[in-house]
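See structure below.
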Amino acid sequence: MAENISERLKNIDTVIFDMDGTLYDTESIYRDGWLSAGVPLELYLTFIGTSSTYIHETLTEHGFNPEQVVADKTAYTANELAKGIPLKDGAQTILVWLKERGFKTAIATSSSIATAERYLAESGMAEYFDRIVSGNRLERGKPHPDIFLMAAKELGSQPEKCMVIEDSFNGVRAGHAAGMFTVMIPDLIEPDEEIRGLADVVLTTLAAVPDLMDTDKAPADYEMLAQQVRSLAESEPHWLPVMANTAAALFEAMDNINWAGFYIADEKDGSLMLGPFQGKTACIRIARGKGVCGTALLKDEVLVVPDVHRFPGHIACDSASRSEIVLPVHFNGRPVAVLDIDSPVSARFTQRDREGLERIVRVLEESADLSGCLTVV
Ligand code: SME
């Protein structure tokens, strides 16, 4: 990392989030709302991250009846949002991580405070924010820096101590103009050359922000661990010793974890049975779709849980566990086991951990003989 980037990151005490498209996966719902109200895509794209005054004026200039268009768009989005306010990938990870470490946090949005409060309440995220700042009543919206400067002032911070996280071009311009460390996480539009130049960093997910901010942390060397798993499997491909040694290698190499191991799937009823592991004695059977492990198997998805107390149906084997990651392991394209790792620290598992562990699971799938998993339970 460039010297001045890590120096600037060390000073940060406040993180200011844009809301739509950054924290919430709502931008695509709004887009579809504008399209259904007759606004062409190119025109809608100029609306992202601007104020309602700007949108109103632009619609008028293009010969639309702004009141009618806004009413149609609002009806569409209200219907969609009634189904739930979808969080962006990694949102919980970064919010739990920041809260645990005492950072000040704000939402700075061009939407109204009432909308922000509703989203936060419905998604259970209100406790993670110290302030909501709306650009609604500001004369100059993004790309002007005013909203971010106001957020910093309200939180008693200075611009050089603030990080802005944004998905829109105008948001990045505003963060840069405010003199703040600006992270872009693109949502609907990839950055062009101008925006790449203005953003200090471009990331793909909020779950990668802790990796960026944790400048002192020496992460586990996942590439080396993957090679270790490959050579273990080459000497004896049977799934049992490979999984046993993989659990041991991970338990030793990763800091801040209290459990690492495997559960093996039972083909008959879709439950999981305890396999090789390191850590405290654990529950032997997990029913289909239960707990983090059973859910990951059922959905055949990697699950990163930044706060296990917020995961409905989490099974607490060790009461010290605060966060968890579960990755399905496949044989012939079907999930036959899961790798489960627990940590006593909230939001322990970041994007870097997820990608590193995904790599290890791939190596295990490629090099170990997992056929025996199908008949063992
Ligand atoms: N927490 C897991 C159960 C397994 S233990 O963490 C080892 C779950 O909720 O599935």
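The values are calculated or read from the model by the stated rules, or taken from the named source; none is laboratory data. Small disclaimer: the values here were computed from a predicted structure and weren't measured. Virtual Cβ from ideal backbone geometry, glycine too; neighbours counted across all protein chains shown. All accessible areas refer to the heavy atoms of the entire protein, side chains included, with ligands and DNA or RNA removed. Shrake-Rupley method; radii C 1.70, N 1.55, O 1.52, S 1.80 Å.
Defining a contact as two alpha carbons under 8 Å apart and six or more residues distant in sequence, what relative contact order in percent does the range 222-374 show? Show your work: numbers first, answer last.
On the way: 316 pairs, mean separation 42.6, N = 153.
Over the range 222-374, the number comes to 28 percent.
Taken as Cα centroids, the range 196-249 and the range 320-377 sit 12 Å apart, rounded to the nearest whole angstrom.
With the full set of protein chains in place, find how many percent of the accessible area of the range 222-374 is carbon and sulfur; take the probe as 1.4 Å.
Numbers: 3270 of 6510 Å².
On the range 222-374, the fraction of accessible area on carbon and sulfur atoms equals 50 percent.
Thinking of the range 222-374 as a set of Cα atoms, what percent of all their pairs are more than 18 Å apart? Let's see the in-between values first.
Numbers: 5990 of 11628 pairs.
That tail contains 52 percent of the Cα-Cα pairs.
For the listed residue pairs LYS161/LYS280; LYS104/LYS280; LYS99/LYS280, the alpha carbons are over 32 angstrom apart in LYS161/LYS280; LYS104/LYS280. Per residue, the chain reaches -12000 deg cm²/dmol at 222 nm when only DSSP H runs of four or more residues are counted, each adding -39500 (n - 2.57). Looking at the chain, the DSSP beta bridges with both ends there are about 55 percent antiparallel.
Between the residues TYR263, VAL164, THR350, the greatest Cα displacement towards the positive end of the dipole of the chain, with unit charges on the Cβ of Lys, Arg, Asp and Glu, is found for TYR263.
For the chain, what is the relative contact order in percent, using Cα pairs closer than 8 Å and at least 6 residues apart in sequence? It would help to have the intermediate numbers written out before the result.
Working: 710 pairs, mean separation 56.8, N = 377.
In percent, rounded to a whole number, it is 15.
Label-to-label distance for GLU127 and ALA316 is 1.3 nm, based on points extended 7 Å past Cα in the beta-carbon direction.
The local environment of PRO210, defined by Cβ-Cβ distances under 11 Å, has a net charge of 0 under the rule Lys, Arg +1 and Asp, Glu -1. Mind giving me the FRET efficiency for ASN332 and LYS268? R0 is 30 Å, r the Cβ-Cβ distance, nearest 0.05 is fine. The pair ASN332/LYS268 has a calculated efficiency of 0.95. A 1.4 Å probe run over the chain, with the rest of the protein chains in place, finds 44 Å² accessible per residue. Working from Cα positions, state the angle (0 to 90°, nearest 10) between the long axis of helix 52-61 and the longest principal axis of the chain. Taking Cα atoms only, the helix is inclined about 60 degrees.
Ordering PHE331, PHE349 by accessible area with a probe of 1.4 Å, largest first, what comes out?
Listed by decreasing accessible area, they come as PHE331, PHE349.
With the whole protein complex present, ARG196 retains an accessible surface near 130 Å², based on a 1.4 Å probe.
For the chain, what mean projected area does the convex hull of the alpha carbons give, in nm²? Spell out each step's value before the answer.
Numbers: hull surface 80.0 nm².
For the chain, averaging the hull's shadow over all directions gives 20.0 nm².
What dipole magnitude, in Debye to the nearest 20, does the chain give about its Cα centre under +1 on Lys/Arg Cβ and -1 on Asp/Glu Cβ?
Values: 34 positive and 57 negative charges, 189 e Å.
Taking the Cα centre of the chain as origin, the dipole is about 900 debye.
Applying 1/(1 + (r/R0)^6) with r as the Cβ-Cβ distance of GLU194 and GLU160 and R0 = 22 angstrom yields a FRET efficiency of 0.45.
When the listed pairs LYS83/LYS268; LYS153/LYS217; LYS10/LYS153; LYS73/LYS153; LYS88/LYS299; LYS88/LYS153 are checked against a 25 Å cut-off, the alpha-carbon distance exceeds it for LYS83/LYS268; LYS153/LYS217; LYS73/LYS153; LYS88/LYS153.
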